[in-house]
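Accompanying notes for the structure given below.
The values are calculated or read from the model by the stated rules, or taken from the named source; none is laboratory data. Values in this document were obtained by computation on a predicted structure and should not be read as measured data. So basically every Cβ, Gly included, is an ideal-geometry build from the backbone, and we count neighbours across all protein chains shown. Keep in mind that these areas ignore ligands, DNA and RNA; they rest on the heavy atoms of the full protein, side chains included. Shrake-Rupley method; radii C 1.70, N 1.55, O 1.52, S 1.80 Å.
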Amino acid sequence: MAEDREVLREIWEGRIPVCFTLAEEEVYSGEQPDPYYLLVPRQSYFPLVTDKVQRHFVQSVDPEKHGEMWLEYEGQPLKWHYPVGVLFDLFTNGNCLPWKITAHFQGFPEEELLHCPSKEAIESHFMSVVKEADALKHRGQLVNNMQKKDHKQLWTGLQNDKFDQFWSVNKKLMESSGEDMFKYIPYRIYQIDRPYIQKLFRPVTEEGDYNTLADLLKSVNGGESTDNREEVLKNRRVLIQGIEPPLETPVLWLSEHLSYPDNFLHICIVNKIKNES
Amino acid sequence: MSDENNSVNNEQTPASEESENVDNVGQDKKVDEAQPHETEEPDSTAKPATSSNNTAPSKTKIDVLLKPAGDAPIMKKKKWAVDRNKPVCWVSEFIKKYLKFTVSDSLFLYVNQSFSPSPDTEVGVLFDSFGSDGKLVLHYCKTQAWG
């Protein structure tokens, strides 16, 4: 399993300062309410942390028209079922703090966002992704052999931001020695305006060498032709957990240490210069 | 429900062109399974994202095999050619219409009889990781079956 506990803890403690404001056109009574500031864990999901934001704004919107709260950054609706850190890395390019997010109570973008009816919906989404990850790593054997209370502990550990509680169970899923060696690396690669990429990728080559992040990027086709891939990467940053890891880092190490609690390695490929696109 | 699939044949199918060569109404189910329907009509609108992937066939539609679990009714035609970029929720809606579910009926879809993919997941993505023998097997049921 993952050995470097310090790295795991640093990753777990990643926080993003967020400034929420209510969409101006939705202010119904009185003046624009004050913005609401929150330090949000990267590993979390927005609906787990925005109850207070919702309560703060809901009194200023039309009670007749308001529906489920949804969030938007610069015109981009934010998917609640992606970890907060992924949304930040993908859309902000990491250079604007606090992160200015607009809250809406009207005009839910049905085409782009999923509804989040309850905390149970987040839990069931989270556990599903954990199971998918284990299906890739261990043919699902480890997660399926766990007891229900272990699943619950993973979830409550994340929900309550308890590192030890979460990792005492998660370390079993991160087992990658001997027979439990990861079969495939659970990863997703995100780029703006494209569906994410997820394919089968082995941690070790047939010759027994570790596959690196560069190997992983080479193995997927992001819609660019293969010839100019290096040229393309020159103008891009590869972000995992807000970090640009060296491209020669073994993907297995990244998977063990920089995966989100859902056990996936979420990789964002973004432009180097913000206005370039 | 044996004759239900006549009615869905021409309206609202996952791949109306393909359905002609897989959906021979009234024939034995086994015939469906053996049909090589990917040979027809490459879809030029599809993204090139899969074109250089050597591990998966570079076609724009994939074969999805729908299997009931628990008390879910059987679909007479089980195998459908679906665009790679269609989301899972589209497949759910299709099954619900095919089986004439009411609005209040829920439907759960599972991969590997283990996890329930997010409704916005593209079936092509699932196929790349969890397809086997050239098709993606999805189990559907009316109540939560796994996890």
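Ignoring ligands, DNA and RNA, what percent of the 1.4 Å accessible area of chain A is carbon and sulfur? Write down the numbers at each step before the final one.
On the way: 6100 of 13140 Å².
Here carbon and sulfur together make up 46 percent of the probe-accessible area.
Return the calculated 222 nm mean residue ellipticity for chain A, to the nearest 500 deg cm²/dmol, obtained by summing -39500 (n - 2.57) across DSSP H runs with n ≥ 4 and dividing by the residue count.
Result for chain A: -10000 deg cm²/dmol, rounded to the nearest 500.
Going by accessible area, probe 1.4 Å, with all protein chains left in place, what is the ranking of A:Arg236, A:Arg5, largest first?
Working: A:Arg236 55, A:Arg5 120 Å².
Reading off the accessible areas and sorting them downward yields A:Arg5, A:Arg236.
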* **Estimated D of chain A in µm² per second, where Rh is the Kirkwood radius over Cα pairs and Stokes-Einstein applies at 10 °C, 1.306 mPa s** => 80
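Using a 1.4 Å probe, what is the accessible area per residue for the stretch A:117-229, in Å²? If you can, show how the numbers build up before the last one.
Working: 5350 Å² over 113 residues.
Per-residue value: 47 Å².
Answer rounded, prolate or oblate for the stretch A:106-243, using the Cα gyration tensor with square roots of eigenvalues a ≥ b ≥ c: rounded when a/c is under 1.5, else prolate when a/b is larger than b/c, else oblate.
Numbers: a/c = 2.26, a/b = 1.20, b/c = 1.89.
Oblate shape, in that a/c is at least 1.5 and b/c is the bigger or equal ratio.
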* May I ask what percent, to the nearest 5, of DSSP beta bridges between residues of chain A are antiparallel? => 70
* Asked: So which residues of the stretch A:118-138 lose at least 10 Å² of accessible area, probe 1.4 Å, when you go from the chain by itself to every protein chain present?
  -> A:Ser124, A:His125, A:Ser128, A:Lys131, A:Glu132, A:Ala135, A:Leu136
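Tell me the Kirkwood hydrodynamic radius of the stretch A:1-156 in angstroms, computed as one over the mean inverse distance between distinct C-alpha pairs. Can you show the working numbers first?
Details: mean 1/r = 0.0575 Å⁻¹.
In the stretch A:1-156 this quantity evaluates to 17.4 Å.
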* Using θ = phi - 60° and the Karplus relation 6.51 cos²θ - 1.76 cosθ + 1.60, list the HN-Hα couplings for the stretch A:41-54 in order, rounded to whole Hz, with x at every Gly or Pro. => x, 4, 7, 8, 10, 3, x, 7, 10, 9, 3, 5, 4, 4
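For each pair in B:Lys78/B:Lys100; B:Lys67/B:Lys100; A:Lys131/B:Lys100; A:Lys119/B:Lys86; B:Lys78/B:Lys142; A:Lys199/B:Lys142, compute the distance between the two Cα atoms and list the pairs where it is over 21 Å.
A:Lys131/B:Lys100; A:Lys119/B:Lys86; A:Lys199/B:Lys142
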* **Rg ratio (alpha-carbon, reference 2.2 N^0.38 Å) - the stretch A:63-113** => 1.21
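Take each of the peptides A:187-199, B:111-123, A:143-155, average the number of other beta-carbon atoms within 10 Å over its residues, and list them starting from the highest. Write down the numbers at each step before the final one.
Details: A:187-199: 17.8, B:111-123: 20.0, A:143-155: 15.8.
Top of the packing list down: B:111-123, A:187-199, A:143-155.
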* **Distance between the stretch A:129-163 and the stretch A:234-266 - C-alpha centres, whole angstrom** => 20
* Structure fact -> Relative contact order of chain A (C-alpha contacts under 8 Å, at least 6 apart) in percent is 20
* Set of lysines near A:Lys100 by C-alpha distance (under 19 Å), chain-local residues within fewer than 8 positions excluded -> A:Lys52, A:Lys79, A:Lys274
* Asked: Of all the accessible heavy-atom surface of the stretch B:59-104, with the other protein chains kept in place and a 1.4 Å probe, what percent is carbon and sulfur?
  -> 57
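Arrange the residues A:Glu111, A:Glu120 by how much accessible surface each exposes, largest first, with a 1.4 angstrom probe. Intermediate values should be presented prior to the final figure.
Details: A:Glu111 175, A:Glu120 120 Å².
From most accessible down to least: A:Glu111, A:Glu120.
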* Asked: Taking both sides together, what accessible area is buried at the B/A interface, probe 1.4 Å, expressed in Å² and rounded to the nearest 100?
  -> 1600
* Accessible-area ranking of A:Arg55, B:Arg84, largest first, probe 1.4 Å -> A:Arg55, B:Arg84
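Probe of 1.4 angstrom, ligands and nucleic acids ignored: what's the accessible area per residue over the stretch A:2-93, in square angstrom? Please list the in-between numbers first.
Values: 4400 Å² over 92 residues.
Averaged over the residues of the stretch A:2-93, the accessible area is 48 Å².
Is there a simple number for the mean count of other chain Cβ atoms within 10 Å of the Cβ of residues in A:141-153, and what is it?
Numbers: counts 0, 0, 3, 4, 0, 0, 0, 1, 0, 0, 1, 0, 0.
Per residue, the number of nearby Cβ atoms from other chains is 1 on average.
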